[in-house]
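Please read the structure below before turning to the comments.
The values are calculated or read from the model by the stated rules, or taken from the named source; none is laboratory data. Keep in mind that what you see is a predicted model, and the values were worked out from it rather than measured. Positions of Cβ are generated from backbone atoms using ideal geometry, with glycine treated the same way; all protein chains shown enter the neighbour counts. In case anyone asks, the SASA skips ligands and DNA or RNA and just uses the protein heavy atoms, side chains included. Shrake-Rupley method; radii C 1.70, N 1.55, O 1.52, S 1.80 Å.
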Amino acid sequence: MRKEIYGVTTYKSTHHTIQAEGVFKSKGISFRTIPTPREITVSCGLSIIFSLDDIDKVKEMVDSNEIDIDGIYKYTKDGFNNRAEKLN
Amino acid sequence: MKIEVDARGQLCPKPVIMTKKELDNLPNGIVTTIVDNEVAKDNVSKLAISYGYGFTVDKGKNNEYYIHITKGEVVEEGPSVCIPDTFKDLTIAIGSDKMGVGEEKLGNILMKSFIYTVKETAPWPATMVFFNSGVYLTCEGSEILEDLKALESEGVEIISCGTCLDFYNIKEKLQAGEIGNMYTIYEKMRNANNTINLG
């Protein structure tokens, strides 16, 4: 099984997710909007995943309040053994 | 004619799909599929049984299996065996580029999230049909093309309504799957045991 690792941001509401999508788009960071992985406690049902290469850019967006997140995680998809690790 | 299919390292259901493709193309002869695990060996063997072709299995030194399937040599009808759970007998019919009725922005994001979830959840539907504004999802500019192409490469049949592509004038922008007419769309909905309608 191929192992995939992503960065994941979760949000307090769907409105925040939609707003964040716009910011990701305007910065040209590639991302996917997905249902929040079950391994992460659900706050809002939709999360944004992105490449870990862009983690610094995303953290900057959080620090400058351009996006309002609930949490940021490193998410490892590994067959039936998916893991989420909170980053701070 | 002999054809070798090296399906080592391929995840289920790829070995079955790869073998099926060669068997379908081959007029007569032997297809040898190499796999590296027992589940794949069983699944490929079941495919041969479901076609009624004779087959033998050899085990290699590194625990790989060689399944030799002979097309043209029809054996007595064996016990009926289904092709493994590659696909569900399911058609998903999508009649809009949004999921549900309500705010457009929410509908868009829900649809993206739904298609992603379909892609992540095997067994996949056998067919997905797109009609009305749903055809925007299979065309250039759609944010879910990547998922639909991945599903297509796994063998999911993706059909977009030709009338709709024509109406919205995006026929030449189609990027995933094939064009179908109403007969095909109805046939896919009717022949599947289950149809999920979404729009």
Any idea which residue in the range B:86-107 is farthest from the other protein chains (Cβ to nearest Cβ), counting only those that are in contact (Cβ under 8 Å) with a residue 40 or more places away in the chain and among the β-branched types (Val, Ile, Thr)?
B:THR91
For the range A:49-60, indicate whether the set of residues that are touching a residue at least 12 places away in the same chain (Cβ under 8 Å) and closer than 30 Å to B:VAL39 by Cβ is non-empty.
yes
Test set (1) surrounded by 15 or more Cβ atoms within 10 Å (Cβ to Cβ); (2) out of contact with any Cys (no Cβ under 7 Å at 6 or more places or on another chain) - A:ASP53 fails condition number:
(1)
Condition broken by B:GLU187, with the remaining ones in (1) out of contact with any Ser or Thr (no Cβ under 9 Å at 6 or more places or on another chain); (2) open to solvent by less than 70 Å² (accessible area, probe 1.4 Å) satisfied
(2)
What do you reckon, is B:GLU178 more than 25 Å from B:MET18 (Cα to Cα) and not basic (Lys, Arg)?
no
Inside the range A:21-33, can you point out the residues that are within 11 Å of chain B (Cβ to nearest Cβ) and either out of contact with any Leu (no Cβ under 7 Å at 6 or more places or on another chain) or assigned to a helix (DSSP H, G or I) (or both)?
A:GLU21, A:GLY22, A:LYS25, A:SER30, A:PHE31, A:ARG32
Determine whether the range A:6-18 contains at least one residue that is open to solvent by 40 Å² or more (accessible area, probe 1.4 Å), at pLDDT below 90 and more than 11 Å from chain B (Cβ to nearest Cβ).
yes
Given the options A:ARG83, A:ARG32, A:ARG38, name the one that is of a type outside the set (S, T, N, Q) and within 11 Å of the chain's Cα centre (by Cα).
A:ARG32
Does B:LYS21 fit the bill of being out of contact with any His (no Cβ under 6 Å at 6 or more places or on another chain), part of a helix (DSSP H, G or I) and among the basic types (Lys, Arg)?
yes
Is it the case that some residue within the range B:29-44 is of a type outside the set (A, V, I, L, M), open to solvent by 60 Å² or more (accessible area, probe 1.4 Å) and touching a Gly at 6+ places or on another chain (Cβ under 7 Å)?
yes
Scanning the range A:60-88 for residues that are touching a Gly at 6+ places or on another chain (Cβ under 9 Å) and basic (Lys, Arg), the one least open to solvent (accessible area, probe 1.4 Å) turns out to be A:LYS74
Could you list, in sequence order, the residues of the range B:152-175 that are more than 22 Å from B:ALA126 (Cα to Cα) and either in contact with a Pro (Cβ under 7 Å, 6 or more places away or on another chain) or among the hydroxyl-bearing types (Ser, Thr, Tyr) (or both)?
B:THR163, B:TYR168
Tally the residues that are within 14 Å of chain A (Cβ to nearest Cβ) and either hydroxyl-bearing (Ser, Thr, Tyr) or touching a Gly at 6+ places or on another chain (Cβ under 6 Å) (or both), restricting the search to the range B:108-135.
4
